[in-house]
Structure formats: structure tokens, C-alpha cells
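Derivation of every value follows stated rules applied to the coordinates shown; laboratory data play no part. Remember, it's a predicted structure, so these values are computed and weren't measured experimentally. Ideal geometry is used to build each Cβ from the backbone, glycine not excepted, and the neighbour counts take in all protein chains shown.
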Amino acid sequence: MKPLDPRLVRTARAVRVHLAVTVAGSVAVTGLVLAQAWLLARAIAGATEGMGPDDLSWVIAAVAAVALARAALSYGAETAALRSAARAKSELRRRLVAHVTGTRANDVPGDTRPPGPGAVWLSGQADPDQGTGAPRAGEMVTLATRGLDALDDYFARYLPQLALAALVPLSVLVVVAKADWLSAVIIAVTLPLIPIFMALVGWHTQARTQTQWRLLNRLGGHFLDVVEGLSTLAIFRRAKAQADIIRRITDEHRRTTMSTLRVAFLSAFVLELLSTLAVALVAVEIGIRLMYGMLDFETALLVLILAPEAYLPLREVGARFHASMEGVAAAEQVFQVIEEPLGKTAEDAAEADGSAATAPLAFAAAPAGAARIRLDSVGLTYPGRKVPALRGVDLRIEPGRCLLLTGPSGSGKSSLLSLLLRFTEPTSGQILVQDPRGDADWIPLRAVPVDAWREHIAWVPQHPYLFDDTVAGNIRLGAPDASLDEVRRAAELAEADAFIRVLPDGYSTRLGERGARLSAGQRQRIALARAFLRDAPIVLLDEPTAHLDPDNAAAVRTAVTRLLEGRTGIIVAHDTGWADTVDTVAHVHEGRIGTEVLL
Amino acid sequence: MTDTAPSSTAPAPGRDPLWRMIALAWPRGTRFALGVLLGALATGSGIALLSVAAWLIAKAAEHPPITALSVAVVATRALGVSRGVTRYLERLVTHDAAFRTLADVRVRVYERLARTEPVNRFRFGDLVSRLVSDTDATQDLLVRGLTPPLIAVVTGGATVAFCTVLLAPGGLLLGAGLLLAGAAVPLAAAALGRGPGRRQAAARGELSTALVDTLYGAPDLIAYGAMDSAVRRVAAADDELTRVARRDAVLLGFGAGATALITGLTVWATLLLGVAAVDGGTLSAISLAVVVLTALAAFEIVAPLPAVAARLGAVRASGERLFDVLDTPPMVASPRCDREPPEVSPESGVDLRIRSLRVRYGPDEPWALDGVDIDVPPGRTVAVLGPSGAGKSTLAAVLLRFRDPDSGTVALGGTDITDYPLDQVRRVITGVPQDPHIFASTLRENLRLARPGAGDEELWEALRRARLDHEIEAMPDGLDTEVGAHGMRLSGGMRQRLALARALLASPRILVLDEPTAHLDPDTRDAVVADLLAAAEGYSTLLITHDLAGLDRVDDIYVVADGRILQHGSHEELAAEEGWYRDAL
């Protein structure tokens, strides 16, 4: 890991400003350190020569001035650093969010590219049959909030010390060399030894720690595992017996950690030892030469005061190293995400084959008559997978008809919904759509603007996501300007009005994070209300009643039947429980679609 | 589950959690004292090095014979070495002591938890992991919270005393400077930081909620064309957080500025006093050099202290949460008498009879179970069916002795279960809880939990009955397969079957299966229920479920809603009669 990530400097303007301010501040601090040493040496030597406070008044006054200036400088530096850190964090956060949602950061005005599959992939929907994306979304949230806060220390404490570590030793060396070359030689020899020894020790420690890492990890996690499993232990009457095991494992953990620490602390030991020993050597050397009259008192004092200053920034950098590396690691994680390609968006694909320009925008403006949809030997293979999720699917969806897709989990039926929602694009074959009125041409779906297409669709996922907003706000998801009456009407149709009314604030009740207030069946009905309010001609339903208890399932079933009236519907379910609601049933198995059964 | 977390009614002991945490660490006090001594020697060495060196040079300036300097020369070199060595030893000693304390504290916390079994607090994984990290915070208290101030007091006292001997006003001045920089400034900075901390936490919370909604809800947002407005909400929250942070930076810079100011002014004032004293003849020139350079070096003592205030605050918060859990009274009262459970032969089994059982989670809470009568005759399979929130899991908690009934009886072979010691009941009744914990160990260890010392044949027999034997035979390491944290290397169905095999190994008389199919997808659900019921053949079994899969195989079904029994009968009877069950079919 580098101490200063060049990508961090390149991407965030706030970082460049901060670096300039930091370097300027460090130059000033270096000057003040040298001035203070010189002034103190001058004053003490003067007093030794018999000068009184009056003779030395300007020197003493200057010491006070230096003290004030250093205080002002450290206050200013800390404040400025925290301000830059806030700005840099914000820049990184926005890039991160823009990247993973497929939107653009607002520093690129006029770009209205619709959200791409990045965000969909994140929450594990793009590959619904084996989606594992949700944990990544959690990681992103942590990274964008608390993870990036580690940059505070990095900016406010580490970078300034790094600049000082480069400036102060060199300046001290120059000044000491002018005053007393032998001391300068001692400092010049020991200074570079410190990083060399630390690197050697660090290298050795790392090899050693890595071999113990797994063991440490296992021992470290044991206590958590036992406490989490306490009720299981209790059931099997093993709870009390575990106390001894906890002590044994924790002791083993201590012994292993201590043997690692004995080596790990060597690095700090080398730093302390060399820097202090060097000062001691300089002190003895100038003391003896002073005794033989080869040096004057004031110069000797100046060298003695400056010698520790040469090592101080190095020690500070060492002390802040680990805390700051957290900041660097967080930034690195952000860059890793930002630089990871997320695959083509629907629009990119359209642009690539030149069809975007010829897309008949009229389609978007067409009245809510449902399109006729045709899948021509559509295949889909997710990036990084060998086995295709769908292969050679031919399917025709007629306006106003309802199709049930059944099949075991992992068969590819949810992937079909993803294709229709254009969360992902077919890797072979194509999807065509046709305006049902008159005899319009079949148009490739990829030529239709994504946003316009999605306006024709209402989707009720298996696990609808509810936002930390009011009930009404959640229902308005696809129709932000709908009036409360319209919202209520949609909720009534979705069999949701009754339970919403008894919530503490009715439609104004906040649902809490991820809709924590509601049961699975209620959440499903809120999602149905969204679909009613959206009033789209095509409705996609994914396992609408799976995992619901009978009462809730019955209510959802009533609402779904109502929603499907006069609309094109596609229901995905693992069994044929919906068969009497639909017109056609097709079985999906291992990415292929079986024969359709007309009912 | 209907269970809401019980309100913490524990009497809050008046003592500060910080003191209680220190009390936990007290047995290792000697080691920490040694650590403080070594640390004081290390810091002291650094300061003494400069004082001795100043004396050496000032003395050398008088061109004395070399013998006059020899002691100082040796002392300077010794101090140059001792600082590094003592610091290294100090870190080893304090860390070792902290780990030893950790072992003590973990055992104490665990023993307390094992006694009270506050399992209902443990349903949420993050609470448990927080409890564990709160326990581990004791290490921080000692290494980073208590050791640095103690070292500062020792070295600060010694340095001030030394300077006072040379120049009384200078020494007192240094003492005041150190106190200000070491105590007043960190405290003031912490006080100033509280407001910004609160404001930023609030702004960060808003941002975090907006981000969670945007990232987790992305498919819904995109499908409904609402992603742009969600991203705008994130941007607005981000703006607010950045604005607050930039504004508050003005307050947060205080500590750094004030420390630098006090350091500089103390050195200045010492110089001023010293020069005047030399002029007045009350201080030798040599002592002037020593006093000024000592003052210059002395502020190293207080450098670690600003971090301490923040650390202690965090540790106190940890302590508060920790003791809140530890002070929870047990949910289960001790048995009234120490009775042996009825001895029964495996063939005959034992009769479980529940009468007018009522349970609630607090005096103001609704009844989770409100007068329930259930019979589980020996060897029979009984299902308790109901929607989520019906009180089914409360029933499981009562049977597994995690809760006492508020009224009514649960009789095991004719005697109330509250009359037996807990473990005696669990020898007879055991089962698979709703979220069985799989330990991060091998399959063998996970199974042996239920029967320590069981041979491989017994383990395989249990696995066979749970229909897990073929899958495990196919694994290269067989029973020695590591299952990973929470058994994550196994599929959901395998975890459920492993938990069942474990329950079978315990060979109870009554098997309680609490929602064995929750978290399983519909395809594997039916297979798991069928296997569970087949494996439970011969046991008295109580199957608790919200789902009708497999209920045609059980002997008796109780339909529960809102804590009461709505219907009771066999599958055929219930399917024929008007009511909830038939509607649900």
C-alpha cells in the first residue's frame, strides 16, 4: 500500500488543494522549528555570557511570537485538513454512488443516461436465480459512510506529518551541517537506517503474521460463535461446560498474539532506539568537542535542540501509520469499485449497434395499449458464468393475456423477467415488440428507449423493497405526482387500505428502514398498490404468494387477480397454484422453456 | 415470532460502568502496575536524556577536566538505550495483561449469560456481535484508557518536582502547563467535539438511510423509473453531512491549536523566568540550560492524552451496554425442587400435557399465548400451525425452558416442568430451534455437541436418519469437513438437516421442531419436512410451522392464532370442517 494513492490526488480536487496547503504549512512549521531552536540557544548562551533579560528582550519576545505562530498554524492546519477531508469524502462518495447506480455524478451536467444494470446487479436481481449481490450493497453503504471517515485521520494527521517527515529532517541536517559537520554525519547516517530497519522488521513480521493469521482469526471468532450459539448450547445442556473452553481458547489466542506482537513491536522498538540513541551520541560528541574548545556553546545548544526534532516527524508518522492506512484502504476500496466495469447498459447496447438513433420514439408516446412481445431464440449467459441461464427461448406474449411461468428455483424463470424489465440484455437472439394497433412493424426491444419501455411495465418482485418513507410515498414510487385519493384508491384495489388505515398515522406512517413495520404479506400488498398506481399495461409478478401464510396469501391473490384484469400479465411461480388465474402455462427447466399449455 | 424485546427492568446499579469494568480487570492489577512503571521509565528516559545532555553541554562549556563529564556521558548513552527498551517491554507487558484480563472478562460475561440465558435478546445477530465487542473493549480500557494517564501522572510529577528543585516558579509553571495540556485541553476538546459528533452522526444516519434505500431498493427504483430522485436524495444528504463537517472543523481544530499554544508559551515563560533568575543570581547558567530543555521535552508526557478522553468515552458506552445485558434477570426461575424427571423406557415415551398456558413479555404487553391446551401423547406427532405472530415460537421457548409460563401448567409425565432443574427438562425435551446455530467447527464437533464422546457409527446413524449421510460421504473430508462461520459452507437445507441430526443424537423423548422450513426455498421445503417427520418416527414430536406442507402425515393438528387455539383435529377432520384450515388448503 502506498502512503499516498496517486488516484486519490488525481480524482479529488479537494485533495490537491489540501496537499498544497499542507506542504505550505509544513514549510512554515519547519521554519518555526528552526527559529525556535536558534532563539532558545541564543537566549541560554546569552544568559550564560551574562546578558540580562533586558539585553535578551527581543530574543525572548521572539520565542513568544514563534509560540503564537505555531499555535495558529496547527489550529489552521487541523481545521483546513478536516474541511478538505469532508470535501474529498463527499467527492469519493458521489463517484461511488454514481458508479454503482449507473447514474452520473452531477459534475457532468446534461447526462441523463438512465440507470444501468450496475445497481441491479448490486442488489442481486440481475441474476435472480443465484443472486448474491445484496451483501455487496451492505458493504457499499458501510464503505460510503463509516469506511470513508477513516480519511479524516489520514488527511488531518498523517499527510501533514508525512510532509514534515520529508522537510524537517533535511532542513535540520542542513542547519546542523553548517554548525557542526560531525553531528550532521551522525544524523545523516542514522536517519536512513530507521526506515531501512523498519522495512526489514515489517517484512519479517508480515511473513510471520500471515502464517498465523488464520489461526488468529479462528481463535478470535470463537467467543462470538459461542455466545451466538448459546441457546443451542443450552438446549443440549452444554452451556456451562463452555466456560473452560472459552478460557482455554482465549489463552491460546493470547499466546499466539503475543508471539506475533513480540515481533511486530520490534519495528517501533527500532525506531525509538535508533532515534534516541542518535540524539545521545550527538550530545556526547558535541559535549566532548565543546570541552576541547572545538565548538562554541551556542552552536552546541542549537545542535542539541535540533537533533531530536530531526527524528520527531518520523516517529509521528510511524505512530499514525496504522490509523492512516485504514483511510488509504477505504479510498483504495472505493477506487476498486469505481474502476470495476459493470457491464453494458441497455442504452450502451443500443448505441453500439447504431439502432438508438432510429428508435421510433413514437412508441414511447403510444397510448397505454400493451405491446405484443416476441422472444426469438433468446439466450442469456451472465458474465463470469459458464452455464447459460436461458437458451433458445421462443415465446410470444399477446396483449391482455396472462402467462404463468413455472419451474424449480434456478431454472431461469426470473431471468426472463429481468430481460423484460431490461435489467439485462440477451446474449443471443432478440426480443421484439409490436404496437398491437394496426399492422405496425416488429421493433427490436433494444431500440426502444429504456425509460419509455419501463413506463409500460409494473413489476411486483418476490421481495419488494420498501423505503424509509411514508406509506403514501412508498406507493407513489412510480407516480410521484399522484394525489392522496389516487394512492388510496390503488391501496384499496391492492387489499392494503384496511391495514394501512389502522397504522398510527395512516398513509402518513413512516415505514422505517426497509419497511420494518410491515409483515411480508403487507409488504406484498404495498407493492401491488404501487403496480395499481403505476397503471401500466404489462404486469410482471415474481412468486407473489411464496412464504406467505394463508390469510395474507388469500388477500394477495384477490388483489393480483384484480390487477391482471385487462392487462398483459406474466406470473413466475415454482408451482402451478396460479393456473386458474392465467390463460397459458409454460414450464421452464434448465434455461429452456417447455410447451405452452393453453387453459 | 411475536416476541418483542422485553423492556429492561433490571435495577441499574448506581456505579459507573467504567468502575465496574475496572473491577473486572482488577485481578491483573500487578501486571498493569509493572506496565505503568516501564512506561514511566520510557517516557522519563526521553526527558532525562535531554536534561542530562543539557547539563553535559553547559558543563562542558566551562572546559572542565574530562572526568567531570564522565558520569553524564555514561548516563546519556544509557538513557539513549533505555528508552527504546523500556517502551518495548511496556507494550509487551500491558498487552499481555490486557489479553489475560480479556480471558477473565469473557469467562465472567459468558458465565453470567449462561446463567440467565437472555435468548430473546439474541435473536438479532448484530446485538450479539455488539455484546462481544463490548466485552472485548475491556482491553482498550486498560491499554489505551488507563495506562497512558497513569504514566503521565508519574512522569509529569517527577519532572515537575525536578524542575521545582532547580527553579521553583519554573517548576510550578511547567506543572500548570502540563495540567492544562494534559487534562484541561483534552476535556475541553472532548466537550467541544460532542456537538459536532452529534450533528455529524445525525447527518450520517440520514445519508446511510438514503444509501441503503438506493442500493438495496435499486431494482424497484429502476423498474419504476425513480432512481434519479433516489440519487438526488443521497446527494442532498451528502451535501448536508459535508456542510456540517466543514462548519464543525472550526471547533475540532481547537485541541491541536491549544496544545501547541500551551507548549510554546510554557517554554517561553520558563525561559523568561530562567533568564531573570540567572541575572538575579538565584540560578546557575548550567541549571538554566537544564530547566529550559527539560520544559521543552516535557510535553511529550501529555501527547497521548487527548486520545484517552475519546477512548474512555467509547469504553464507558460499551460498559453501559454490557452491564445492561448482564444485569438482566433470568427469564426462568430456579426449580422449586430438585426432582429427577420421570424415568421412561424409549418404547413407552412420556406424556406432555399443556393446560391453560399463558405467557406475555411484559405487564403491558398483549398475551403471546392466551390459555392454550395441547396434548402430546407418547410417540405421537403433533403439529401447531398458525400465521406468523400467533405465539408459536413462544410455545417453543416455554417447552425448551427459555421462558417460564405466566400461568397455566406444562406437565411432563404428570409433573410441572418448572419443578425440574432446567437441564433435566432438556434431557427429555430437545429439538431444533427456529435458527439453530451451527458452530464454526467440523461436522463432527457440531454433532458431538449433543452427545459428547459419541462414536462415528452413532454420528452416521443420526445423519442417515436426517438424510444427510450421502451428501457428507461425498465430501472429501467427511465428518472432518469445516462448515465455516454459521455453517455458511453448507446449504440451508443441509444446515437444517444437520441441526435435526444433532437433535436426534441427543435422543430426547420429545422432539420440538420450530419452523424447520423457514428460510428454505419451496422446492426443498417439502423434502425437508418429509424427512424430518420420517426421522422423528418413534419420538413424540411437536412440529411448529406456519406452512401446511406435510401436515397430512401428522397425527394431530392445533391451529393457533393470536395466542389461542382456533381448531384442533386430524388433517382429515380439519379439511372436512369449515374454518381456517380448510381455507388455507
Problem - Exercise: per-residue mean of other protein chain Cβ atoms within 10 Å, B:239-249 - result: 5
Problem - Rough spin-label spacing in nm, given labels placed 7 Å along Cα→Cβ, for residue A:20 and residue A:58 - result: 3.6
Completion exercise
Relative to chain A, whose Cα atoms define the longest principal axis, helix A:550-564 and its Cα axis are tilted in degrees, nearest 10, by 70
Problem - Test item: Cα-centred dipole of the stretch B:193-273, Lys/Arg +1 and Asp/Glu -1 on Cβ, debye - result: 380
Problem - Interchain or long-range residues, amide H under 5 Å from residue B:468's placed H - result: none
Practice task
Enter the Cα centre distance for the pair the stretch B:29-76 and the stretch B:304-318, rounded to the nearest angstrom.
Solution key: 32
Practice task
Scan around residue A:592 for amide H atoms under 5 Å from its own, H built in the peptide plane at 1.01 Å from N, and keep only partners 5 or more places away or cross-chain.
Solution key: A:391
Exercise for the section: Return the whole-Å distance between the Cα centroid of the stretch A:406-425 and the Cα centroid of the stretch B:371-424. Expected result: 44
Completion exercise
Between the Cα axis of helix A:57-101 and the main Cα principal axis of chain A, the angle (0 to 90°, nearest 10) is 20
Fill in the blank from the handout: Gyration tensor (Cα only) of chain B to equivalent ellipsoid, semi-axes in Å sorted down, yields 68, 28, 23
Practice task
With all distinct Cα pairs included, what does the Kirkwood hydrodynamic radius of the stretch A:181-294 come out to in Å, to one decimal, could you say?
Solution key: 18.1
Exercise for the section: Using per-residue counts of other Cβ atoms within 10 Å, averaged over each peptide, order A:392-405, A:420-433, B:26-39, A:153-166 from highest down. Expected result: A:153-166, A:420-433, A:392-405, B:26-39
Handout entry: Range of Cα positions in the stretch A:544-595 per principal axis (Å), largest first
Key = 33, 27, 15
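Count the lysine pairs in chain A that are 8 or more places apart or on different chains: how many have C-alpha atoms under 28 angstrom apart?
5
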Completion exercise
Across B:476-487, the residue-averaged tally of Cβ atoms belonging to other chains within 10 Å stands at 1
Fill in the blank from the handout: Taking B:214-223, B:134-143 and ranking on average Cβ neighbours within 10 Å, highest first, one gets B:214-223, B:134-143
Handout entry: Other-chain or far-sequence residues with amide H under 5 Å of residue B:431's (modelled H)
Key = B:512
Fill in the blank from the handout: With a Förster distance of 35 angstrom and the Cβ-Cβ distance between residue B:575 and residue A:430, calculated FRET efficiency to the nearest 0.05 equals 0.10
Practice task
Take the Cα gyration tensor of the stretch B:384-483, multiply each eigenvalue by 5, square-root it, and list the three semi-axes largest first, rounded to whole angstrom.
Solution key: 33, 17, 12
Practice task
Could you calculate the FRET efficiency of residue B:364 with residue A:508 from 1/(1 + (r/R0)^6), where r is the beta carbon distance between them and R0 is 22 Å, rounded to 0.05?
Solution key: 0.30
Fill in the blank from the handout: With the stretch B:352-584 reduced to its Cα atoms and the Debye formula applied, log10 I(q)/I(0) at q = 0.11, 0.14, 0.16, 0.17 1/Å amounts to -0.56, -0.89, -1.13, -1.25
Problem - Projected label distance in nm at residue A:596 and residue B:284, using a 7 Å step from Cα toward the beta-carbon - result: 10.8
Completion exercise
Unit-weight point scatterers at every alpha-carbon of the stretch B:193-273, Debye formula, q = 0.11, 0.12 1/Å: log10 I(q)/I(0) is -0.49, -0.53
Problem - Antiparallel %, DSSP beta bridges [both residues in chain B], to 5 - result: 55
Problem - Cα convex hull volume per residue for chain A (Å³) - result: 246
Exercise for the section: Only helices at least 15 Å long along their axis, Cα-based, and averaging -1.0 or more on Kyte-Doolittle count here, so list those DSSP H runs from chain B. Expected result: B:29-60, B:67-116, B:125-140, B:147-166, B:168-179, B:185-216, B:227-252, B:254-280, B:285-298, B:305-326, B:492-505, B:522-535
Completion exercise
Taking every residue of B:261-267, the Cβ atoms of other protein chains inside 10 Å of its Cβ average out to 5
Exercise for the section: Could you give the size of the charge dipole of the stretch B:426-585 about its Cα centre, using +1 on the Cβ of each K and R and -1 on the Cβ of each D and E, expressed in debye and rounded to the nearest 20? Expected result: 680
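Would you mind giving the three semi-axes, in whole Å and largest first, of the ellipsoid equivalent to the stretch B:237-276 according to its Cα gyration tensor? Walk me through the numbers before you get to the answer.
Details: eigenvalues 309, 4, 3 Å².
Whole-Å semi-axes of the equivalent ellipsoid: 39, 5, 4.
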Problem - Gap separating the Cα centres of the stretch A:11-73 and the stretch B:217-269, nearest whole Å - result: 32
Fill in the blank from the handout: Between residue A:583 and residue A:208, the two model label points (7 Å from Cα along the beta-carbon direction) sit apart by a distance in nm of 7.6
Practice task
Output the peptides A:450-457, B:482-489 sorted from most to least packed, where packing is the average of other Cβ atoms within 10 Å over each peptide's residues.
Solution key: A:450-457, B:482-489
Practice task
Based solely on C-alpha atoms, express the radius of gyration and the Dmax of the protein assembly as shown in angstrom.
Solution key: 36.7, 117
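So for the stretch A:1-80, Kirkwood radius off the Cα pairs, Stokes-Einstein at 10 °C and 1.306 mPa s: how many µm² s⁻¹?
106
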Handout entry: Farthest toward positive dipole pole in the stretch B:352-584 [+1 Lys/Arg, -1 Asp/Glu at C-beta], among B:388, B:446, B:540
Key = B:446
Practice task
Compare the Cα positions of B:470, B:129, B:307 along the charge dipole of chain B (+1 at Cβ of Lys, Arg; -1 at Cβ of Asp, Glu; about the Cα centre) and return the one farthest towards the positive end.
Solution key: B:307
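Taking the Cα centre of the stretch A:138-206 as origin, work out the dipole magnitude from +1 charges on Lys and Arg Cβ and -1 charges on Asp and Glu Cβ, in debye rounded to 20.
Details: 3 positive and 5 negative charges, 45 e Å.
The dipole of the stretch A:138-206 has a size of about 220 debye.
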Practice task
First select every other residue whose beta carbon is under 15 angstrom from the beta carbon of residue A:289; then total the charges, Lys and Arg +1, Asp and Glu -1.
Solution key: -4
